[in-house]
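**Q** I have a structure here, written as structure tokens, and I will follow up with some questions on it.
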Amino acid sequence: MRLASLFQDHAVLQRDLPIPVWGSAAPGERVTVTLAGETARVAAADDGRWLVRFRARPAGGPFELAAESASGRVVVRDLLVGEVWLCSGQSNMEWTLNRSKPFDEVATAPMPEVRLLTVQNPARLVRQAEVVGRWEVATPEALAAFSAVGCWFGRRIHAELGVPVGLICTAWGGTRIQAWISREALMQDLLGLDEIAKFEGEVFDPTLPQKETYADYADWEKRGAPQDAGNRGLAEGWAAPGFADGSWQTMPLPSRWQSHGHPGSGVFWFRRTVVVPPAWRGRDLTLRLGMVDKHDDTWVNGERVGGLSWADGPMTWATPRVYPVPARLVAADGSVAIAVRVRSHVYHGGIIGGGEKPGMSLGLTLPLPDEETDATDRLSLVGEWRYTVEQDWGLVIPPTTAWGAEDQNSPAILFASRVAPLLPFALRGVLWYQGESNASEARAYRRLMRTLIGDWRRAWGQGDFPFLQVQLANYMPAAAEPLASEWAELREAQAMALAEPRTGLAVAIDVGDAGDIHPLDKRTVGLRLAAWALAETYGRGGLPSGPIYADHAVESRATGEPARLRVRFRHAAGLRTRDGGAPRHVALCGGDGIFVWAEAAIEGESLVAWHPEIAVPRALRYAWADNPEGCNLVNAADLPAVPFRTDAE
């Protein structure tokens, strides 16, 4: 005689909805289930499983839940009835409160009527029925180890509603959305169907032992990924200070080479020569490259000063490079020739910067502590570098067998492992923070995000429960000019899911970190999710989000004056800029399709933009960048506008 593992001491059950309770017993056995004095009876099915549904209840408790049959009796105590929210996604949802800011007495103040459950099921292709994890009362210790976004959301909801709150976190860092969608739903999408077919064709192929197989993804990286054929560039003098690199192409750094016409992987060399100020000559310096994706060897005036490789672990792509430059390496005339050999075997590659105190990455500095270094102690290396391709490996795609049957990124595997065991536990809604791992496939994400929403709603059978997303935060170095952006396109795909009923969006475009994909300010994110829920789900009023693009029109002006493009928004009451200045990060294009920074102003609840050299603007983009640093459009609630473009395809 067993209750499903979700039903434990300290659990929270959803108020105002029928309460499903299930478990197992001997086949055909009569089971009596009692919740807070209400009794239901059922016979276990041939496989021993049983399920009952209790009537909807208002918030309250604590209660006892008991299940009894001829084979035994189980009792769980201290159950509350209140609001239950599911927190899911990848590492930014998984990110714990004790690794976030602020982490203090306010963040960890105990909440006896808030309960926390972190799902810890391993990845399994076979659909799982039981949850690995324990319900805990929200003590300071339990809060510290729980999802930071979930903690701040739950704290605000509990304070505003005055009812118990249950938070279930089922998240896994570095995972794609495809892993969270059921196999049945994925097969309704052509991309998903192809992925399922490829995956299952390899994992379950009876001839698999005759194929090249790998123990795991790391094994594929070392044995199956393209291998470095040797450092030809060094032999040809590419690291030497006097090497003539005038025939090499140029690329702005920091950036990924995939953004500049090189979609594949390989080995690239980057060179730049600068002259340091006279006062620096004869002094030790520090070379700061920020993050290099994935391995590097770096020379200054022909001498190797540093580098990271396989021996330095799997996270080299996210490790800032800070290399000492001895005074003897600076030429008498102050010239410093920097050569960086970058190797990337899969996905992105390049000198991507970031990872340090803002303004410190990609530059030469005097070797002072960061807090003592200002602009006069720093020589920026941001801008055009010379580059050439030493080895071109083409587009590298890991084989499905590199995922393996128990890898968390296999299609549908996390639905089977970490969503299915929760069904059909009643809940109010879902908080979703994911997308970083799908940033290179924004068009597919447009469909897949809406597929996931529909898939989960179908699986729970509660109708269109609220589904609230966190939009990707600003990340990576800010660009000086309007550029194409994969992250902006992914944010757009997230916003497009608002077309689904009862969906919401918390914007994080102003709380990110150029050098860290895991911004530490999870408080703002959790509170913005709560603002949407309170306004839209619970009818408490107020603005649910920042301004959201609604439509636009081109307005003619007097002869000789350029036309203006006017944008109208939803949730734009009190439209303003946060700093009181003109709207920033607004770009326009004319008939040539080339975007340039525009002049902009706020008129009522509209944004208007124009450019003296664009007679008739064709399209406008706002905050359209990986990191639209300085974007400042907000509403009366100080909630930032959702980044958008009027030329969405």
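**Q** Exactly one condition in (1) open to solvent by 20 Å² or more (accessible area, probe 1.4 Å); (2) in contact (Cβ under 8 Å) with a residue 40 or more places away in the chain is not met by Ile196; state its number.
**A** (1)
**Q** When the stretch 514-555 is examined, which residues are found to be acidic (Asp, Glu) and free of Cβ contacts under 8 Å to residues at least 60 places away in the same chain?
**A** Within the stretch 514-555, the first condition is being acidic (Asp, Glu), and the residues that meet it are 516, 521, 536, 551, 555.
Once the filter is applied, which keeps residues that are acidic (Asp, Glu) and free of Cβ contacts under 8 Å to residues at least 60 places away in the same chain, the stretch 514-555 yields Asp551, Glu555.
**Q** What number of residues in the stretch 256-269 are surrounded by fewer than 20 Cβ atoms within 10 Å (Cβ to Cβ), modelled with pLDDT under 90, on the phi < 0 side of the Ramachandran plot and assigned to a loop (DSSP other than H, G, I, E, B)?
**A** The initial filter retains those residues of the stretch 256-269 that are surrounded by fewer than 20 Cβ atoms within 10 Å (Cβ to Cβ), namely 258-264.
Now restrict to residues that are modelled with pLDDT under 90: 258-261, 263.
Imposing the further condition that a residue be on the phi < 0 side of the Ramachandran plot reduces the set to 258-260, 263.
Of the ones still in play, those that are also assigned to a loop (DSSP other than H, G, I, E, B) are 263.
Qualifying residue count, the stretch 256-269: 1.
**Q** Please determine, by comparing only the residues of the stretch 316-339 that are among the small types (Gly, Ala, Ser) and open to solvent by less than 50 Å² (accessible area, probe 1.4 Å), which one is farthest from Arg272 (Cα to Cα). Reasoning before the result, please.
**A** Within the stretch 316-339, the first condition is being among the small types (Gly, Ala, Ser), and the residues that meet it are 318, 327, 331-332, 334-335, 337, 339.
Narrowing the set further to residues that are open to solvent by less than 50 Å² (accessible area, probe 1.4 Å) leaves 318, 327, 331, 334-335, 337, 339.
On the way: Ala318: 23, Ala327: 18, Ala331: 15, Gly334: 14, Ser335: 10, Ala337: 6, Ala339: 7 Å.
That would be Ala318.
**Q** Would you mind stating whether Ala235 is under 30 Å from the mean Cα position of the chain (by Cα) and either surrounded by fewer than 16 Cβ atoms within 10 Å (Cβ to Cβ) or at pLDDT 95 or above (or both)?
**A** Numbers: under 30 Å from the mean Cα position of the chain (by Cα): no; either surrounded by fewer than 16 Cβ atoms within 10 Å (Cβ to Cβ) or at pLDDT 95 or above (or both): yes.
The answer is no for Ala235.
**Q** Being assigned to a strand (DSSP E or B) and either modelled with pLDDT under 95 or at positive phi (or both), is that true of even one residue in the stretch 68-80?
**A** Yes, the stretch 68-80 contains at least one residue that is assigned to a strand (DSSP E or B) and either modelled with pLDDT under 95 or at positive phi (or both).
**Q** Is it true that Glu83 is under 23 Å from Ala142 (Cα atoms), surrounded by 21 or more Cβ atoms within 10 Å (Cβ to Cβ) and touching a helix residue (DSSP H, G or I) at 6+ places or on another chain (Cβ under 8 Å)?
**A** Working: under 23 Å from Ala142 (Cα atoms): yes; surrounded by 21 or more Cβ atoms within 10 Å (Cβ to Cβ): yes; touching a helix residue (DSSP H, G or I) at 6+ places or on another chain (Cβ under 8 Å): yes.
Against the criterion (under 23 Å from Ala142 (Cα atoms), surrounded by 21 or more Cβ atoms within 10 Å (Cβ to Cβ) and touching a helix residue (DSSP H, G or I) at 6+ places or on another chain (Cβ under 8 Å)), Glu83 qualifies.
**Q** Moving on. Under the condition of being assigned to a strand (DSSP E or B) and without any contact (Cβ under 8 Å) to a residue 40 or more places away in the chain, which residue from the stretch 565-588 is surrounded by the fewest Cβ atoms within 10 Å (Cβ to Cβ)? First the steps, then the outcome.
**A** From the stretch 565-588, those assigned to a strand (DSSP E or B) are 565-570, 576-577, 586-588; that's our starting set.
Adding the requirement that they be without any contact (Cβ under 8 Å) to a residue 40 or more places away in the chain leaves 568, 570, 586, 588.
On the way: Arg568: 15, Arg570: 17, Val586: 27, Leu588: 26.
By that ranking, first place goes to Arg568.
**Q** I'd like to know if the stretch 319-327 contains one or more residues that are in a strand (DSSP E or B) and closer than 22 Å to Ala235 by Cα.
**A** No, there is no match, as no residue in the stretch 319-327 is in a strand (DSSP E or B) and closer than 22 Å to Ala235 by Cα.
**Q** So which residues in the stretch 273-315 are over 26 Å from Gln227 (Cβ atoms), crowded, with 20+ Cβ neighbours inside 10 Å and among the basic types (Lys, Arg), if there are any at all?
**A** Correct list: Arg288 only.
**Q** Separate question: Return the only residue of Val131, Val137, Val126 being out of contact with any Gly (no Cβ under 8 Å at 6 or more places or on another chain), in contact (Cβ under 8 Å) with a residue 60 or more places away in the chain, aliphatic (A, V, I, L, M) and open to solvent by 70 Å² or more (accessible area, probe 1.4 Å).
**A** Residue meeting the stated conditions: Val126.
**Q** Filtering the stretch 592-644 down to residues that are more than 22 Å from Pro562 (Cβ to Cβ) and assigned to a strand (DSSP E or B), which residue is nearest to the chain's Cα centre (by Cα)?
**A** Let us first name the residues in the stretch 592-644 that are more than 22 Å from Pro562 (Cβ to Cβ), namely 605, 623, 625-632, 634-643.
Next cut, assigned to a strand (DSSP E or B) only: 634, 640.
On the way: Val634: 22, Pro640: 18 Å.
The residue in question is Pro640.
**Q** Out of the stretch 38-66, which residues are in a loop (DSSP other than H, G, I, E, B), out of contact with any Lys or Arg (no Cβ under 9 Å at 6 or more places or on another chain) and open to solvent by 70 Å² or more (accessible area, probe 1.4 Å)?
**A** Asp46, Asp47, Arg55
**Q** Please list, ordered by first then second residue, the pairs with beta carbon atoms under 7 Å, 6 or more apart or interchain, first in the stretch 237-250 and at negative phi, second open to solvent by 50 Å² or more (accessible area, probe 1.4 Å) and at pLDDT below 95.
**A** Short answer, once both residue conditions are applied: Thr250/Glu384.
**Q** Give the stretch 424-469 a look and list any residue that's open to solvent by 40 Å² or more (accessible area, probe 1.4 Å) and closer than 17 Å to Leu117 by Cβ, or say none.
**A** Matches in the stretch 424-469: Arg428 only.
**Q** Turning to a different aspect of this structure: When Tyr538 is evaluated against the numbered criteria (1) among the aromatic types (Phe, Trp, Tyr); (2) more than 25 Å from Asp626 (Cβ to Cβ); (3) open to solvent by 60 Å² or more (accessible area, probe 1.4 Å), which criterion, by number, is the only one it fails?
**A** With respect to (1) among the aromatic types (Phe, Trp, Tyr); (2) more than 25 Å from Asp626 (Cβ to Cβ); (3) open to solvent by 60 Å² or more (accessible area, probe 1.4 Å), Tyr538 is out only on (3).
**Q** Right, next: Any residue that is assigned to a helix (DSSP H, G or I), over 21 Å from the mean Cα position of the chain (by Cα), at pLDDT 95 or above and not small (Gly, Ala, Ser) - is there at least one of those in the stretch 449-456? Break it down into steps so the answer makes sense when it comes.
**A** The first filter runs over the stretch 449-456 and keeps only residues assigned to a helix (DSSP H, G or I), leaving 449-456.
Next, only the ones that are over 21 Å from the mean Cα position of the chain (by Cα) stay: none.
Within the stretch 449-456 (the criterion being assigned to a helix (DSSP H, G or I), over 21 Å from the mean Cα position of the chain (by Cα), at pLDDT 95 or above and not small (Gly, Ala, Ser)), the answer is no, since none of the residues qualifies.
**Q** Does Leu17 count as within 22 Å of Leu117 (Cα to Cα) and buried (at least 20 other Cβ atoms within 10 Å of the Cβ)?
**A** In short, no.
**Q** Something else: Take Ala637 and tell me if it is touching a residue at least 12 places away in the same chain (Cβ under 8 Å) and crowded, with 22+ Cβ neighbours inside 10 Å.
**A** On the way: touching a residue at least 12 places away in the same chain (Cβ under 8 Å): yes; crowded, with 22+ Cβ neighbours inside 10 Å: no.
No: the conditions fail for Ala637.
**Q** Another question, if that's okay. From the set of residues in the stretch 100-123 that are of a type in the set (D, E, K, R), modelled with pLDDT under 95 and under 26 Å from the mean Cα position of the chain (by Cα), which is least open to solvent (accessible area, probe 1.4 Å)? Reasoning before the result, please.
**A** Step one: of the stretch 100-123, the residues of a type in the set (D, E, K, R) are 101, 104-105, 113, 115.
With modelled with pLDDT under 95 added as a condition, the list becomes 101, 104-105.
Checking which are under 26 Å from the mean Cα position of the chain (by Cα) leaves us with 101, 104.
Values: Lys101: 132, Asp104: 67 Å².
For the stretch 100-123, the residue satisfying everything is Asp104.
**Q** Oh, and also: Do you know which residues across the stretch 478-521 are closer than 25 Å to Ala533 by Cβ, open to solvent by less than 40 Å² (accessible area, probe 1.4 Å) and assigned to a helix (DSSP H, G or I)?
**A** Leu490, Arg491, Glu492, Ala493, Gln494, Ala495, Ala497, Leu498
**Q** Quick test for you: out of Thr250, Thr273, Thr175, pick the one residue that is of a type in the set (Val, Ile, Thr), assigned to a loop (DSSP other than H, G, I, E, B) and out of contact with any His (no Cβ under 8 Å at 6 or more places or on another chain).
**A** Thr175
**Q** Does the stretch 353-364 contain any residue that is at pLDDT below 90, buried (at least 21 other Cβ atoms within 10 Å of the Cβ) and over 30 Å from the mean Cα position of the chain (by Cα)?
**A** Yes - at least one qualifying residue is present in the stretch 353-364.
**Q** Among what's in the stretch 551-564 and is in contact with a strand residue (DSSP E or B) (Cβ under 8 Å, 6 or more places away or on another chain) and aliphatic (A, V, I, L, M), pick the residue that is most open to solvent (accessible area, probe 1.4 Å).
**A** It comes out as Val554.
The values are calculated or read from the model by the stated rules, or taken from the named source; none is laboratory data. Note that the structure is a prediction, hence the values are computed from the model and not measured. Note that we place each Cβ from the backbone using ideal geometry, even for glycine, and neighbour counts take in every protein chain shown. Just so you know, the surface numbers come from the protein's heavy atoms only, side chains and all, with ligands and any DNA or RNA stripped out. Shrake-Rupley method; radii C 1.70, N 1.55, O 1.52, S 1.80 Å.
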